[in-house]
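Participant: Have a look at this one.
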Amino acid sequence: MKQSPHLAPTLVVYILYAYDSHPLSDTNFTSIMTMANTCSPSWDQLALADAPDQNITDVSAIYSLVFPYTLCPPVLFTDILRVNQLRGAASAVLFAGDLDPTHTLDAHDLLAKIESFSPEDWAQPGEHYEEWLLVGSIYQSAIALYCTMSLQSLTILPNTLEMNAMRSVHGSKLLSSLRPALANPRLRSFLIWPLTVAGVEAGYRDEAMQYWIENALGDLSRALGTSSPLKAQAVLRRYWTREEKGWDDCFERPYVFVI
């Protein structure tokens, strides 16, 4: 990508969507982590750069090419990368039979950063302001949920009443934003990952909400002509029947869902 700039747009799409979690030791890509890392075990993540911070540097350099395929606000997309990195670091420590208290501090700081994001300030002024506002709200809630649930699974965020109440608030906000967005032809192409996140959180909700998410994924598959929502649907169905709830209980092996 760095040697042939004219290939950058094609390679960005390939890196963003195509990879699963197989090692890439034979490649020299040093750009972004894929969204597959969010839906994979914390100990089995894709690393496209030797230094974790290099991922942040690389994605910042090319995010203008990534944005049209995600619509995720840049600062929030960077937060996804930071959650991925923290999951990987915490997992390595836990497997070694130890705990690192700085991981808990980092988790709280990261969650606070995500919650401080203002969709109202980010939304593009003009004719489509309400749509941009909806996009910002959806991704803020989805990423806050991903941060909370995935780091709770690693015990570096607590399973307290306060934290669980915060998770529930973000879940309700995400669901209320997804309903009008799914009815919008311009936005629904970008909702598979947020809808999947809502499905994981729906493990704590009633069957009616799970049924709505299942149907929404089916409708999305037909509207977009892709099987990715059906793959997410199958994963969530299995997860909802399990007694244990949580991020790592849903994604016990690597999955790739198109954003």
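Participant: Could you sort the peptides 162-174, 179-191 by per-residue average Cβ neighbour count (10 Å cutoff), highest mean leading?
Facilitator: 162-174, 179-191
Participant: Here's a follow-up. Given the rule -39500 (n - 2.57) for each run of at least 4 DSSP H residues, summed and divided by the residues of the chain, what is its mean residue ellipticity at 222 nm, to the nearest 500 deg cm²/dmol?
Facilitator: Theoretical 222 nm ellipticity from helices: -20500 deg cm²/dmol.
Participant: In the chain, which helices (entire DSSP H runs) extend 27 Å or more along their own long axis, judged by Cα positions, while averaging at least -0.5 on the Kyte-Doolittle scale?
Facilitator: 74-95, 129-153, 161-182
Participant: Could you give the distance between the Cα centres of the range 82-157 and the range 176-252, to the whole Å?
Facilitator: Using only Cα atoms, the two centres lie 19 Å from each other.
Participant: Say R0 is 35 Å: what FRET efficiency, to the nearest 0.05, do LYS113 and ARG222 get from their beta-carbon distance?
Facilitator: Between LYS113 and ARG222 the formula returns 0.40.
Participant: Order these peptides, 36-42, 125-131, 235-241, by their mean beta-carbon neighbour count within 10 angstrom, highest first.
Facilitator: 36-42, 235-241, 125-131
Participant: Could you list ARG87, ARG242 in order of exposure, starting from the residue whose Cβ has the fewest other Cβ atoms within 10 Å?
Facilitator: ARG242, ARG87
No value in this document is a laboratory result; all are computed from the given coordinates. Computed from a prediction, not measured in an experiment: that's the story for all the values here. Reconstructed Cβ throughout: ideal geometry from the backbone, glycine too, with neighbour counts over all protein chains shown.
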